[in-house]
Amino acid sequence: MIDTPDPRAAAALTAMSVDLAELLATIDQVRTQLQRFQAHIICAQLDAAEHMMPVDLQ
């Protein structure tokens with residue numbers, strides 16, 4: 001008996017690969033958004049610290 005590839009298994013594997021690629025792209029997008037958000041928080045903290053300084057030191 002000759003083993004032939006199961007087309008359903010191949011299709012399922014392809015679909016899973018596409019799903020994983022989309023998931024990785026989504027993770028990268030979320031990572032980028034979190035990095036931007038973190039940068040905004042750091043800027044806000046720096047602005048707040050600057051406003052707390054006495055006027056003669058600015």
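Nothing in this text is a laboratory measurement; each read-out follows from the coordinates by a stated rule. Remember, it's a predicted structure, so these values are computed and weren't measured experimentally. As a convention, Cβ positions derive from the backbone with ideal geometry for all residues, glycine included, and neighbour counts pool all protein chains shown.
Summed over all non-identical Cα pairs, the Kirkwood treatment of the chain gives a radius of 16.0 Å. The simple spin-label model puts a point 7 Å past each Cα toward its Cβ; for LEU13 and ALA49 those points are separated by 5.4 nm. Label-to-label distance, ILE41 versus ASP6, with points set 7 angstrom from Cα along the beta-carbon direction: 4.6 nm.
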